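The values are calculated or read from the model by the stated rules, or taken from the named source; none is laboratory data. Just so it is clear, the model here is predicted, and its values are computed rather than measured. Please note: Cβ atoms are built from the backbone with ideal geometry, for glycine as well, and neighbour counts cover all protein chains shown.
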Amino acid sequence: MFRDLFREAYAAMRHNRRRTALTMLGMAWGIATVVMLLAYGDGFGQACANIFANFGTKLVIVVPGRTSMQAGGQKSGILIRFTQEDVETLTTNLPQITHITPEVSKEASIQYDTRVFTWTVTGNYPNVIDV
């Protein structure tokens, strides 16, 4: 039974050589593409891990947000903002901090003729290079 099946398949492949070659090429191309995408994904994951490892283990990034719970008579969802006074308080009260720099990011609309673009403008202190 299997012998007849293989004999029939072989005869069909010999009869349709171009179709057989294109099918084999498509299968090889698909396998190669999957292998390359998997390798690319692993390499990308390693690159991201290396980038985060290069930040160092002594780096802390504090990002303001909103309160998630009600506290002290205030409702939840209040916007938290850091001020220059907060930066100075951290610097004076925590001697472990060697470098600290605030950052401000705002979206700005830029208009040229009838076109309008939205860009994010970020400002840092000059000592951001030391961080």
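Residues being without any contact (Cβ under 8 Å) to a residue 12 or more places away in the chain, outside any loop (DSSP other than H, G, I, E, B) and hydrophobic (A, V, I, L, M, F, W, C): count how many of those fall in region 53-82. Steps first, please.
First, the residues of region 53-82 that are without any contact (Cβ under 8 Å) to a residue 12 or more places away in the chain: 53-58, 60-61, 63, 68-77.
Next, from what is left, pick out any that are outside any loop (DSSP other than H, G, I, E, B): 53-55, 71, 74.
Applying the additional criterion that residues be hydrophobic (A, V, I, L, M, F, W, C) yields 53, 55, 71.
The total comes to 3.
Considering only region 77-86, state which residues are surrounded by 10 or more Cβ atoms within 10 Å (Cβ to Cβ) and at pLDDT 85 or above.
If the condition is that a residue be surrounded by 10 or more Cβ atoms within 10 Å (Cβ to Cβ) and at pLDDT 85 or above, then Phe82, Asp86 are the ones that fit.
Only one of Gln70, Gln74, Gln46, Gln96 is farther than 30 Å from Ala9 by Cα and surrounded by fewer than 10 Cβ atoms within 10 Å (Cβ to Cβ). Can you tell me which? Break it down stepwise before answering.
On the way: Gln70 fails: surrounded by fewer than 10 Cβ atoms within 10 Å (Cβ to Cβ); Gln74 fails: surrounded by fewer than 10 Cβ atoms within 10 Å (Cβ to Cβ); Gln46 fails: surrounded by fewer than 10 Cβ atoms within 10 Å (Cβ to Cβ).
That would be Gln96, the only listed residue that is farther than 30 Å from Ala9 by Cα and surrounded by fewer than 10 Cβ atoms within 10 Å (Cβ to Cβ).
Can you confirm whether region 8-18 contains a residue that is of a type in the set (S, T, N, Q) and in a helix (DSSP H, G or I)?
Looking only at region 8-18, we keep the residues that are of a type in the set (S, T, N, Q), and these are 16.
Next, from what is left, pick out any that are in a helix (DSSP H, G or I): none.
No: region 8-18 contains no residue that is of a type in the set (S, T, N, Q) and in a helix (DSSP H, G or I).
Anything in region 94-126 that is part of a strand (DSSP E or B) and either aromatic (Phe, Trp, Tyr) or over 23 Å from the mean Cα position of the chain (by Cα) (or both)? List them, or say none.
As a first pass, look at region 94-126 and keep what is part of a strand (DSSP E or B): 103-112, 115-124.
Residues satisfying the conditions are Ala108, Ser109, Ile110, Gln111, Tyr112, Arg115, Val116, Phe117, Trp119.
May I ask you to verify whether Thr33 is modelled with pLDDT of 80 or more, polar (S, T, N, Q), surrounded by 10 or more Cβ atoms within 10 Å (Cβ to Cβ) and closer than 20 Å to Pro126 by Cβ? Talk me through it step by step, then tell me what you get.
Numbers: modelled with pLDDT of 80 or more: yes; polar (S, T, N, Q): yes; surrounded by 10 or more Cβ atoms within 10 Å (Cβ to Cβ): yes; closer than 20 Å to Pro126 by Cβ: no.
When the stated conditions are applied, Thr33 does not pass them.
Is it true that some residue in region 2-15 is at pLDDT below 90 and either of a type in the set (Ser, Thr, Tyr) or within 32 Å of the chain's Cα centre (by Cα) (or both)?
Checked region 2-15: at least one residue is at pLDDT below 90 and either of a type in the set (Ser, Thr, Tyr) or within 32 Å of the chain's Cα centre (by Cα) (or both).
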